[in-house]
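Data first, discussion second: the structure below is written as structure tokens.
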Amino acid sequence: MIRIRYLFRFALLSLVFLSSACSTTKLMVDSMEPLLEKMNTAIQKNSDVELVKDAIPAGLVQLDGLIEASPDNARLLARAAEGYNGYAFVFVEDTDKPRAKGLYLRSFNYATRALKQKKKFADAFDGPVKDFEESLSEFGKKDVPAMFWAASSWLSWVALSVDDPEIFLALPKIKALLKRCCELDETYQYGAAHAIQGIIFATRPVAHGGKPEMAKAEFDRAFELSGRKLLVFQVMYAKYYAYQIQDRELFVAVLKEVISAPDDILPQMAFINASAKKKAKKLLDNVDSIF
């Protein structure tokens, strides 16, 4: 009986120790947000695209590990969503679409994990569009990063899943997320929610329901908010809008604008701008096959 009592005490103490250790680890991870922000800033300022390409995978795996330690950290989940989305867009989508699709889905899952901490949104997520739209009212400005990366990754996944019937249910909800992002903070990522909405309006030809006037309005607002300094917006404008209206001259002119832009046009976003220049050169090299 005495031995059983000691074993029980030992087991209880072990549980207390493990609980304390887990709690300490979570607190440590949660306190790392300023450091993670500085690391993200350093990456964005680095214009050596190949160096960043080699470094990002290890960083993404580290983020996965941090999330294991603090699974409900909304800011960490949004940061991981941003990382997986950016890596897929810059380095994977053009060469390996199936892999990119998986990376976008991972980004989407992280972002929605953060958003589903709001019960109203979680309950409405798989329901009718009207309920989904109403649930977005409970989000505030601090939720914009998770909302934006959820919408962006969802749209990118949809674009690579044209044979999946789910896309018809996804698009209205993606539009609702982007609209709410603009209502709460249209300046996030220099107006990226407007640019993504521009892409949506420009993805269909005019003869099949495309809305070029709305696409242009959204892109123009993104250009206004970014001062035309975030060059990826111009790349998307050429790729989607100029192609939609079949304006080869505009397509070429906008891509040349990107390629000739000063390397230091937006130092805090040097990485994405350097990546945009690479994409612009590739599109320009293939203009004859595009038009």
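The values are calculated or read from the model by the stated rules, or taken from the named source; none is laboratory data. Computed from a prediction, not measured in an experiment: that's the story for all the values here. Please note: Cβ atoms are built from the backbone with ideal geometry, for glycine as well, and neighbour counts cover all protein chains shown.
Within the group GLU93, GLU37, which residue is of a type outside the set (Ser, Thr, Tyr), free of Cβ contacts under 8 Å to residues at least 24 places away in the same chain, surrounded by fewer than 21 Cβ atoms within 10 Å (Cβ to Cβ) and at negative phi?
Checking each option against the conditions leaves just GLU37.
Checking ASP94 against (1) charged (D, E, K, R); (2) within 16 Å of LEU177 (Cβ to Cβ); (3) in contact with a Lys or Arg (Cβ under 8 Å, 6 or more places away or on another chain), which single condition isn't satisfied?
For ASP94, the exception is condition (2).
Given the conditions (1) part of a helix (DSSP H, G or I); (2) buried (at least 20 other Cβ atoms within 10 Å of the Cβ), which single one is not true for LEU230?
LEU230 satisfies every listed condition except (1).
Quick one: in region 127-162, of everything that is of a type outside the set (Gly, Ala, Ser) and in a loop (DSSP other than H, G, I, E, B), which residue is modelled with the lowest pLDDT? Give the derivation first.
Within region 127-162, the subset of a type outside the set (Gly, Ala, Ser) is 128-134, 136, 138-139, 141-145, 147-149, 154-155, 157-158, 160, 162.
Then drop every residue that is not in a loop (DSSP other than H, G, I, E, B), which leaves 128, 139, 160, 162.
Numbers: PRO128: 95, PHE139: 98, LEU160: 91, VAL162: 72.
The qualifying residue modelled with the lowest pLDDT is VAL162.
Restricting the first residue to region 273-291 and requiring it to be in contact (Cβ under 8 Å) with a residue 40 or more places away in the chain, which pairs with a second residue that is aromatic (Phe, Trp, Tyr) and assigned to a helix (DSSP H, G or I) meet a Cβ separation below 6 Å and a spacing of at least six or different chains?
Close Cβ pairs satisfying both conditions: none exist.
Out of the residues in region 71-97 that are of a type in the set (Asp, Glu) and farther than 17 Å from VAL144 by Cβ, which is nearest to the chain's Cα centre (by Cα)? Let's see the steps before the verdict.
Keep residues of region 71-97 that are of a type in the set (Asp, Glu), which gives 72, 82, 93-94, 96.
Imposing the further condition that a residue be farther than 17 Å from VAL144 by Cβ reduces the set to 72, 93-94, 96.
Values: ASP72: 19, GLU93: 14, ASP94: 17, ASP96: 18 Å.
Here the residue is GLU93.
Go through ALA176, ALA151, ALA146 for me and flag whichever is in contact with a helix residue (DSSP H, G or I) (Cβ under 6 Å, 6 or more places away or on another chain), hydrophobic (A, V, I, L, M, F, W, C), in contact (Cβ under 8 Å) with a residue 60 or more places away in the chain and assigned by TED's automatic domain parsing to the domain that holds SER47.
Working: ALA176 fails: in contact (Cβ under 8 Å) with a residue 60 or more places away in the chain; ALA151 fails: in contact (Cβ under 8 Å) with a residue 60 or more places away in the chain.
Unique residue meeting the criteria: ALA146.
Please go through region 201-222 and pick out each residue that is surrounded by fewer than 21 Cβ atoms within 10 Å (Cβ to Cβ) and assigned to a helix (DSSP H, G or I). Can you show your working first?
Our first condition is that a residue be surrounded by fewer than 21 Cβ atoms within 10 Å (Cβ to Cβ); within region 201-222, this holds for 203-214, 216-217, 220-221.
Within region 201-222, VAL206, ALA207, HIS208, PRO212, GLU213, MET214, LYS216, ALA217, ASP220, ARG221 qualify.
Of all residues in region 260-291, which are over 25 Å from ASN40 (Cα atoms) and either not assigned by TED's automatic domain parsing to the domain that holds MET236 or not in a loop (DSSP other than H, G, I, E, B) (or both)?
Residues of region 260-291 over 25 Å from ASN40 (Cα atoms): 260, 281-291.
If the condition is that a residue be over 25 Å from ASN40 (Cα atoms) and either not assigned by TED's automatic domain parsing to the domain that holds MET236 or not in a loop (DSSP other than H, G, I, E, B) (or both), then SER260, LYS281, LYS282, LEU283, LEU284, ASP285, VAL287, ASP288, SER289, ILE290 are the ones that fit.
If you check PHE251 against the conditions, is it outside the structural domain of SER152 (by TED's automatic domain parsing), surrounded by fewer than 23 Cβ atoms within 10 Å (Cβ to Cβ) and not polar (S, T, N, Q)? I'd like the intermediate steps shown before the answer.
Working: outside the structural domain of SER152 (by TED's automatic domain parsing): yes; surrounded by fewer than 23 Cβ atoms within 10 Å (Cβ to Cβ): yes; not polar (S, T, N, Q): yes.
For PHE251, the condition - outside the structural domain of SER152 (by TED's automatic domain parsing), surrounded by fewer than 23 Cβ atoms within 10 Å (Cβ to Cβ) and not polar (S, T, N, Q) - is met.
Does GLN197 meet the test of being touching a Pro at 6+ places or on another chain (Cβ under 9 Å) and within 19 Å of GLU82 (Cα to Cα)? I'd like the intermediate steps shown before the answer.
Working: touching a Pro at 6+ places or on another chain (Cβ under 9 Å): no; within 19 Å of GLU82 (Cα to Cα): yes.
So GLN197 does not fit the description; no.
Could you give every pair whose Cβ atoms fall below 8 Å, whose first residue belongs to region 56-84 and is within 17 Å of THR41 (Cα to Cα), and whose second residue is in a loop (DSSP other than H, G, I, E, B), counting only separations of at least 6 or pairs across chains?
LEU76/SER70
Is it the case, given these coordinates, that PHE89 is under 21 Å from CYS182 (Cα atoms), in a helix (DSSP H, G or I) and aromatic (Phe, Trp, Tyr)? Let's see the steps before the verdict.
Values: under 21 Å from CYS182 (Cα atoms): no; in a helix (DSSP H, G or I): yes; aromatic (Phe, Trp, Tyr): yes.
Answer is no for this residue.
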